[in-house]
Structure formats: structure tokens, C-alpha cells
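Asks: My questions will all concern the structure given below.
Read-outs throughout are calculated quantities, based only on the coordinates presented, and are distinct from any laboratory measurement. Treat the numbers as computed from the prediction; the structure is a model and nothing was measured. Every residue, glycine as well, gets a Cβ built from its backbone with ideal geometry; the counts of neighbours run over all protein chains shown.
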Ligand code: SF4
């Protein structure tokens, strides 16, 4: 049952941009959401048992990744790294391997670094207050507020995309997430709510949950919203206008020419794939991939042959289109046109690519390394094609 926000006559909200700044109204808003959340909250792995470490991991995974894609990797990560010390002492390679499927691998490195700071500077105990949490690598105002309020009950505000959408619609506030004025307004409102409700952690999580499940970006389910009676956007039928949409920066297209080299040391042994490590910075930093050439324009096959130092043109395997936040990547996947790997000069290839860190790795044990999803997929295709031919 949806909950009316008007719990008592003196608490009736007179909706306006600033209504949630009024302590009584912030309290009414929070009470309605608390009641709703206690019966509507989704069962999520990180909610079953609350502690600072589990919250730190789940918040890192949930940044820019949908809840459904985080559930399984979260459980896998917790099995391998059950506490902050296990994570701090783990290798970066293991951490990246367990991050597979989540993307944005920089978050994994920062989480690993945060665990090491907690081990070295906080006696292995996750800090409980937002101010100290903010000093950890990769922890921003939102994550610090989420952990401090939801796990430890601090009156710390949080604002993410879901919270901003609920606030913007509730008060029909103009502006876009990412604009300084709009963001500052959201944080002020969130602070007012956190300061005035009985259970700030529950209310913070409830606002996020409302944005994720009811006050959705498209097609909000206002009929089942616990604060619908006081929502200005619902009253005016203008939910689609709030928050205003940010104009996206122009996307760039990149062409990645990839050479997948498969070998078997004997006719019955498992296939191995040649991998090189990506540079320290930029997209997929320090992750592994087959040897590649990256260009803003598609390269001619003769250019690809000479820049890979091959003796013959490589054979086409497949073309994969992949979207990241800022760019479209077209992978042109090839393999060396050789009958036996003895005709293939690994040394010439690596020299031509600037001698990156490289290794041969069993193709059925790629889970041990950090590889992007498209690289993993193209290796699977190359392996099955080479199996068909053998
Ligand atoms: S009434 Fe509709 S628009 Fe308003 S907060 Fe609820 S779901 Fe969002």
C-alpha cells in the first residue's frame, strides 16, 4: 500500500522547490519512505548482512553498473576476498579477474588501494564516519555518505542519479545533474532530509530505491509512489520534463585491429593465446588483450600486415562493435595466416608493437586475468575456429 505523506495536519507539505528544507516536511517525507522501504526493498546480496567492507565493495561495483549485473560478481568477490585484509593482501591480477563483467576497471584498482590504506592506516577496520571514509582512494562524497549512513547510522547525505531524479520531480526543480547549482541544491535537500529523519540510513537507501524501482527514468510508476500526494511533477503531469537531460558530448569512433594468435604445444594440449598488457593509463589500463593496433580510421590490410610484422596478410575472423561511455569501438578481429605457429615470428610481432609485456596463457583459464568482455569473446571465437580446423 502506498503511504500518504500527510501524516498529520501540521505536517502537510505545501510543495515547492524548498519544501524539503523545512524540518517537519523533511521528516514527513522520510517517514513515508521509511514505511514504504521496509516492505518494498529488494532482496540484494549486500543487504542481507551489513558491514563496512561489504558496503565498500558493493558501492564500488554499483558505480555506473546496474544492480542485476552486480549481484553475481559481488558474491564471487566475497567468496574470494571475505574481508578487507584478504582484499588488501590479494594481487591486483586476482582483483581484476574477479571484476570481470563489471567494466570500469579503474574502480577495482581504487577499491584494492582503499583496502590497503585501511590495512595500513586504520588497523584493518573500515572507517565509520563520512569524513574519514572520504580520505580513502576512490571514495567520493556519495560513497562516503552511503556507507556512513546506511551501515553506521550517521546523518550523512547522499545524492546519486536516482536521488537527484526523485528530488527534481518532487519539487519540479529545473537544471541538470552535473550542473553546479542543481547538484548543490540536491545536496542541500539531502542534508535536510538526513538531519531531520529518525533513520537517516534507511531513508537515504529508500530514496535511491524509489528512484531505481518506482520513480524510474522512463515511465515512473507514480500510482505506487509513497510520496505521490506531494509530488509537483505528478500533479502537473510533467514527470518527463524532470530532471532536464544533459546534452551528450560527441562520441568518437575507434578502430582496433586485433591479431588473435593461438598455439598448442602438442597436438593434444590445450590451446594457448598470446596476450599483451595494455598501457598504464587510459581505457582498460593494464588489462590483457591480444596484440592490437588502434586507429581513428580503419587501416588497410597491407598496413595491418606490415605493422604486425606478418609475412602474409592475416585472415579475417569477425567484426565486433562495442560501446563504452565515450566512444564506439569497432574491433576487426584477425588471426595469422599460417599453417603452423613455427612460421609465425612472435619476436618480430612484439618488437613491431613496441615490446609490450606479453605472455602465452591457456585460453580456457582467462578468468585468471583481467580481460575486457569483447576481448574474451573474440578469443573464444578464435579458439573454436582453430579447434574446428585441427
Ligand atoms: S509521484 Fe511519480 S514523479 Fe513524483 S516522486 Fe513519485 S514516482 Fe517520482
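Asks: Using a Gaussian network model on the chain with a 10 Å cutoff between Cα atoms, which of 312, 47, 24 fluctuates the most?
Replies: 312
Asks: Taking the number of other C-beta atoms within 10 Å as the exposure measure, put 334, 325, 266 in order starting with the fewest.
Replies: Sorted ascending by nearby Cβ count, the order is 266, 325, 334.
Asks: Also: Considering the Cα positions of the chain, please state its Rg to one decimal place and its Dmax as a whole number of Å.
Replies: That works out to 25.5, 85 Å for Rg and Dmax.
Asks: Mind sorting 199, 92 by how few other Cβ atoms lie within 10 Å of their own Cβ, fewest first?
Replies: Numbers: 199 18, 92 13.
In order of increasing Cβ crowding within 10 Å: 92, 199.
Asks: Then there's this: How big is the stretch 252-389 in terms of Cα radius of gyration and Dmax, in angstroms?
Replies: Just the Cα atoms of the stretch 252-389 yield Rg and Dmax of 14.2, 44 Å.
Asks: Pop the C-beta distance of residue 299 and residue 359 into the FRET formula with R0 = 22 Å and round what comes out to the nearest 0.05.
Replies: About 0.30, to the nearest 0.05.
Asks: Here's something else I'd like to know. What share of the DSSP beta bridges in the chain is antiparallel, in percent to the nearest 5?
Replies: 70
Asks: On to the next question. Give the relative contact order (percent, whole number) for the chain; include only Cα pairs under 8 Å separated by 6+ residues.
Replies: The normalised contact order for the chain reaches 17 percent.
Asks: Starting with the fewest neighbours, write out 132, 351 ranked by other beta-carbon atoms found within 10 Å of each beta-carbon. Show your work: numbers first, answer last.
Replies: On the way: 132 15, 351 11.
Going from least to most buried by this count: 351, 132.
Asks: In whole percent, what relative contact order does the stretch 252-389 give with Cα contacts below 8 Å and a gap of six or more residues? Present the calculation step by step, with values, prior to reporting the outcome.
Replies: Details: 233 pairs, mean separation 45.7, N = 138.
Once divided by the residue count of the stretch 252-389, the mean separation gives 33 percent.
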